[in-house]
Structure formats: structure tokens, C-alpha cells
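The structure appears right after this line, and notes come after that.
The values are calculated or read from the model by the stated rules, or taken from the named source; none is laboratory data. Predicted, not measured: the structure shown is a model, and the values here were computed from it. Cβ: placed from backbone, ideal geometry, glycine included. Neighbour counts: every protein chain shown.
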Amino acid sequence: MPTISYDQGTIHYEEKGMGEPLVFIHGVGLDHAMWEQQVDRLSERYRVIVYDMIGHGGSSHPPGPYSLFQFVEQLTAVVDGLGLDKIHLVGFSMGGMVAQAFALAHAEKLKTLTIMNAVANRTEEQRKAILARVEEVRKTGPEATIEPAIQRWFTRDYLHAQEGIVGRIRTRLQTNNATSYLAAYRLFATADQELWDKLDQIHIPTLVITGEEDIGSTPEMAQQIHEKIADSELLIVPTMRHMLPVERPNIVNEAIHSFIGRTVFAR
């Protein structure tokens, strides 16, 4: 299990392939394994790097509260520790927030940015709902929120057809460190406010993706991110919910590869 050490601890990462470096950041409560289907296919063209965020998987679990700065510092340690110059960065859900914050802090390290199924500018009702879930996790632990999350994340057909894959996601959620998860989940519930007014400062080629039926990272949110980031591209995948990289890997992989081709290799 390869790791990178830095002043805040250790980072568990994996990589495969050669070529332009393509880094993926997972969502809250998950780990690098969610990107398995991206690693397998996109490593045919890129040096694909996946890692566990702070408080997740095999990386360090410092005490909370957590800040976006810590996650940006961690990603910087990945980039510098692997001797990367400029990267293509993909962030999913909470990882999309980290990717946005990294783009704001270290534009010089990015070639492209893909923001996938990410939250932005929650309404008061949406914020109350996520904060209620944070409070439920604080009081009773994460277990009560797992099955509702699974139901929100996947389409009904996929839940029935791919019980093995869904089961692995469920197991990941069930085996998280409860304290670390709460700290990360609380940050996920509030960090969109921190980022919203700064998004128009991102001037990196950006692709924004979500699912048409994603009720947490909605098409309306994706549209707002797209409008904030000049010259960005927007892709709404019909009938899909939250777990696009898992449920529709072919669409995601092709979208990322085509976007990189249009914005970088064509220059």
C-alpha cells in the first residue's frame, strides 16, 4: 500500500498507467476504490492517481474539525510528493469542493478541472436538510444515514442489477471511522458557502457534470457552477442520480477524455 508522508500525516494512494497525470478525489464517506472503473480504463491513456482524503480509508485521521485548507494541503502533498508538474483534476461530490478550493489556491498546478456531482449554493431548505443529517450522525452515528444515502445515490434499476457493487459501497460506509466521518460530513455540509463567491475566480478549463436526477448535487447547482466559471462546459446525464462514476463509467470516462482532448491536446 503506497503512501506519501507530509507534515500532517500520511496519504494512501494508488496509481496506474503512463502519460498525462490525472488525479481523482472521492466523495465523503468513500475512498479511492470508488474510482476503480476510471483507473482500469483511463490508465490506458493517462497516469491515473487516486488517493484517500483526510479522515478516510488508509490516510491519516486527524481530530476534527476539518477545513478545506487541510484537504488542499493534502492534495498539494500528493502532487509534490509524486513529482507532478501540472495535473488534470477530477473531484466528485465533496471531492468536487476540494478540487474547486485547490483550483483557487494552485491554478498553476492544473491543466484541466472536472467538477462532478458537486454541491453549490445550497438553498436554505437544502442546508437545513444536510445539517439535520449531520446532527443525526452526531447523535446516533453514521449507520442510520447509510441506507437512505444508498437509495439517493443509485437508480432503482442499478440497485437491483448490481448488488455486489452496491454492497461494497455500503460496506465502505459501514466501516468508516465514525469520528472522522462526522468531521468530514460537517465540512461537506457547509463548505459550499465558503466557495460560492469565489468560483468566478477560476480560469482553468473546467467541465461540470451531474446526473439529471441527482437530488443532492442537482442539475440546478451544476448550471450555477457552470455560469460562475467562465468558458466552462456542462454535462447533465439523463436519468442518472449521484453515483455517476460507478453507475455510468463509460459516459464519465469518455466525457473526461474528450474534454481533455478538446482543451489541451488540441492546442
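Worth a mention:
- Hits in segment 200-253 (condition: touching a residue at least 60 places away in the same chain (Cβ under 8 Å) and either among the hydroxyl-bearing types (Ser, Thr, Tyr) or part of a strand (DSSP E or B) (or both)): THR206, LEU207, VAL208, ILE209, THR210, GLY211, SER217, THR239
- Of all the numbered requirements in (1) in contact with a helix residue (DSSP H, G or I) (Cβ under 6 Å, 6 or more places away or on another chain); (2) of a type outside the set (Ser, Thr, Tyr); (3) under 24 Å from ILE4 (Cα atoms), GLY96 misses one, and that requirement is (1).
- First in segment 103-117 and closer than 18 Å to ALA230 by Cβ and modelled with pLDDT of 95 or more, second anywhere and surrounded by fewer than 24 Cβ atoms within 10 Å (Cβ to Cβ) and of a type in the set (Lys, Arg), Cβ under 7 Å, 6 or more apart: LEU104/LYS198; LEU110/LYS86; LYS111/LYS86
- Residue that is surrounded by the most Cβ atoms within 10 Å (Cβ to Cβ), among those in segment 118-136 that are within 22 Å of GLU227 (Cα to Cα) and not acidic (Asp, Glu): ALA118
Residue-wise test of (1) touching a helix residue (DSSP H, G or I) at 6+ places or on another chain (Cβ under 8 Å); (2) not small (Gly, Ala, Ser).
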{"position": "ALA101", "(1), (2)": "yes, no"}
{"position": "LEU113", "(1), (2)": "yes, yes"}
{"position": "LYS139", "(1), (2)": "no, yes"}
{"position": "SER180", "(1), (2)": "no, no"}
{"position": "PHE188", "(1), (2)": "yes, yes"}
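- Segment 159-179, residues that are in a loop (DSSP other than H, G, I, E, B) and buried (at least 20 other Cβ atoms within 10 Å of the Cβ): ASN176
- Given (1) modelled with pLDDT under 95; (2) surrounded by 14 or more Cβ atoms within 10 Å (Cβ to Cβ), index of the condition ARG267 fails: (2)
- Positions within segment 134-165 being out of contact with any His (no Cβ under 9 Å at 6 or more places or on another chain) and hydrophobic (A, V, I, L, M, F, W, C), in sequence order: VAL134, VAL137, ALA144, ILE146, ILE150, LEU159, ALA161, ILE165
- Selected residue [among the acidic types (Asp, Glu), touching a residue at least 24 places away in the same chain (Cβ under 8 Å) and over 16 Å from LEU199 (Cβ atoms)] from GLU143, GLU163: GLU143
- Among the candidates LEU182, LEU187, residue that is closer than 20 Å to GLY29 by Cα, surrounded by fewer than 23 Cβ atoms within 10 Å (Cβ to Cβ) and in contact (Cβ under 8 Å) with a residue 40 or more places away in the chain: LEU182
- Note on segment 137-158: residues that are of a type in the set (Phe, Trp, Tyr) and in a helix (DSSP H, G or I) amount to 2.
- Segment 19-33 residues that are under 18 Å from ILE146 (Cα atoms) and among the small types (Gly, Ala, Ser), paired with ones that are at pLDDT below 95 and in a loop (DSSP other than H, G, I, E, B) (beta carbon under 9 Å, 6 or more apart): GLY29/PRO142
- When residues of segment 78-95 are limited to those that are touching a Gly at 6+ places or on another chain (Cβ under 8 Å) and not hydroxyl-bearing (Ser, Thr, Tyr), the one surrounded by the fewest Cβ atoms within 10 Å (Cβ to Cβ): GLY95
- Selection count where residues are within 16 Å of the chain's Cα centre (by Cα), crowded, with 19+ Cβ neighbours inside 10 Å and among the hydrophobic types (A, V, I, L, M, F, W, C), scope segment 60-77: 4
- Strands (runs of 3 or more DSSP E) (entirely within segment 1-43) containing at least 2 residues that are out of contact with any strand residue (DSSP E or B) (no Cβ under 7 Å at 6 or more places or on another chain): 3-6
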